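The values are calculated or read from the model by the stated rules, or taken from the named source; none is laboratory data. Predicted model only: the values in this text are computed from it and were never measured. Please note: Cβ atoms are built from the backbone with ideal geometry, for glycine as well, and neighbour counts cover all protein chains shown. Accessible surface areas use protein heavy atoms only, side chains included; no ligands, DNA or RNA. Shrake-Rupley method; radii C 1.70, N 1.55, O 1.52, S 1.80 Å.
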Amino acid sequence: EDGLHRLVASVDRGSDELFSSCISNGPYIMNSANGNDSKKFKGDVRSPGVPSRVVHVRKLPSDINEAEVIGLGLPFGKVTNLLMLKGKNQAFLELNSEECAQTMVSYYSSVTPVIRNHPIYMQYSTHKELKTDNSPNQVVSFHGHTHISLGSPVLRVIVENLFYPVTLDVLHQIFSKFGTVLKIITFTKNNQFQALIQYADGMTAQHAKLSLDGQNIYNACCTLRISFSKLTSLNVKYNNDKSRDYTRPDLPTADSQPSIDPQTMAAAAFAAPGIISASPYGGAHAFPPTFAIQQAAGLSMPGIPSALASLGVGHSGMAAAAAAASRLGLSGLTASGGHNVLLVSNLNPESVTPHCLFILFGVYGDVMRVKILFNKKENALIQMSDGTQAQLAMSHLNGQRLHGRAMRVTLSKHTTVQLPREGHEDQGLTKDYSNSPLHRFKKPGSKNYSNIFPPSATLHLSNIPPSVVEDDLRRLFASSGATVKAFKFFQKDRKMALIQMGSVEEAIESLIEFHNHDLGENHHLRVSFSKSTI
């Protein structure tokens, strides 16, 4: 917000309308030095010249990349052309209108932009436009200069080294950092996971391609290979887990994922809950708050110095990675270097048991062992099957209330939880769950990892046998003393329902109590947190 106000305030000429007509991609706020003269080099204040939609940028650091130069222009309008003069540390940036160029030059005359600690300067070019040789999508090199002419808004993405599944939502999250994604289609071809991603214009597509091509979504795997598609527009028939048209939330799902209703889809198009939404561009050195989580989860983005324009893969993406990693037994690839044991403190020693911690932490990963400390029963160690799951459980459960106390969850220095030696009885405080049938993430392709949500007052119930009616379930959940506020069967599938408890804490305790509860007819109830409300 702040940056926008600064930007608007500094537009000397004219109205906010002009400004908003030029903004297409949200404020990309550089880490700007204040534009006071002491910071400028003596004798380097040139007049900006006669307005033109081509802006001449000087004093660029020699290791600059195209994406960073384009980034200077993006807040002010569409960038339609770029010519990089590598040897001269200069570039020409063409915007789609003279107004946008004027807004840009007047803004940067009051706030000197700084890229990698270099103050850089700009003025209008004497050129009215950059001549192109009519070859769309080509990066043409002549005399060592790079010329980018901007074409198709559709990118073709191939994901290599697919150790973890990459979902449509993860792609949407990553590619939305560069501008509004209109449509995505995913498919598998030649045994490779691929996607087509459509932006509103070729410039945004170009910027995303320059920034993301060759980057890894997760540490050392899931590498993005990006090219321009020959298609200029995508035709999406269904909104489901394979394809989406974000401009048309009303499209049918075609049974790919019957559990998604149009409202959820519409909501997902605007703000997918559970996904950490860092603002699209942090200030050049202000890491978004999620950076710590991403770093711990091993989401690496070495090639993007400006704000680590982080691939903000949120909780659900990490969950998918966690589940897949454990399925493939990639213990050597655990994202955060083997930190898979959690220390949980401030537990209620009167009521905590290994079983209740096993069930609760099992919502976020497969719990291998639980140890409640013999001489300090407020504390427990919980060993997850890998580091990403531990990270996920920590980010969702730290601070949540259990049996009247707010739990503290941190990563432990231990790498495993030791079992008691033969003949040493520890009062049943240490339990090994490595062969438990209740692990949620063991099965390949399990839907569970895409349905990981923070604790909420509404629980999702499934595996309900036909003979069990609403009253039975309301009575069951009230039997532990909790309040049932609302209940609803899924219209399309009576095996599933939502039940809303009086508080998040009641829902947590109900999940622990009734997950795997035997409802008869060989049906054991499955309980998880829901992102919906009734």
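What to note about this one:
- Each label was represented as a point 7 Å from its Cα along the Cα-to-Cβ direction; for residue 411 and residue 89 these points are 3.9 nm apart.
- For region 341-445: rounded, prolate or oblate by the Cα gyration tensor [a/c cutoff 1.5]: oblate
- Summing +1 for each Lys or Arg and -1 for each Asp or Glu among the other residues whose beta-carbon sits under 14 angstrom from that of residue 511 gives -1.
- Accessible area in the full protein assembly, largest first, 1.4 Å probe, for 246, 199, 238: 238, 246, 199
- Rounded accessible area of residue 509 (nearest 10 Å², 1.4 Å probe): 60 Å²
- Cross-link pairs 442/485; 495/531; 86/177; 177/447; 230/531 - those with Cα-Cα distance over 30 Å: 442/485; 230/531
- Residues of type lysines that residue 88 reaches as a straight line, Cα spacing below 23 Å, ignoring anything fewer than 8 places off in the same chain: 39, 40, 42, 59, 128, 131
- Å² of accessible area per residue within region 453-529, as computed with a 1.4 Å probe and no ligands counted: 47 Å²
- Modelled this way, with points 7 Å down the Cα-to-C-beta line, the labels at residue 129 and residue 427 are 8.2 nm from one another.
- Protection proxy ranking, highest mean first, for peptides 169-181, 370-382: 169-181, 370-382, where packing is the per-residue count of other beta-carbon atoms within 10 Å, averaged.
- Here the relative contact order of region 54-124, from alpha carbon pairs under 8 Å that lie six or more residues apart, stands at 43 percent.
- The fraction of accessible area contributed by carbon and sulfur in region 54-124 is 45 percent, rounded to a whole number (1.4 Å probe; ligands and nucleic acids excluded).
- Region 418-511 - percent relative contact order, Cα under 8 Å, separation 6 or more: 28 percent
- Region 341-445, relative contact order in percent, only Cα pairs under 8 angstrom and at least six apart counted: 38 percent
- Distance in nm between pseudo-label sites at residue 233 and residue 403 (7 Å out along the Cβ direction from Cα): 6.2 nm
- Förster-model FRET efficiency, 25 Å R0, residue 518 and residue 486, C-beta, rounded to 0.05: 0.55
- Ranked packing of 521-531, 74-84, most packed first, by mean Cβ within 10 Å: 74-84, 521-531
- Shape category assigned to region 399-459 from the gyration tensor of Cα positions, a/c cut at 1.5: oblate
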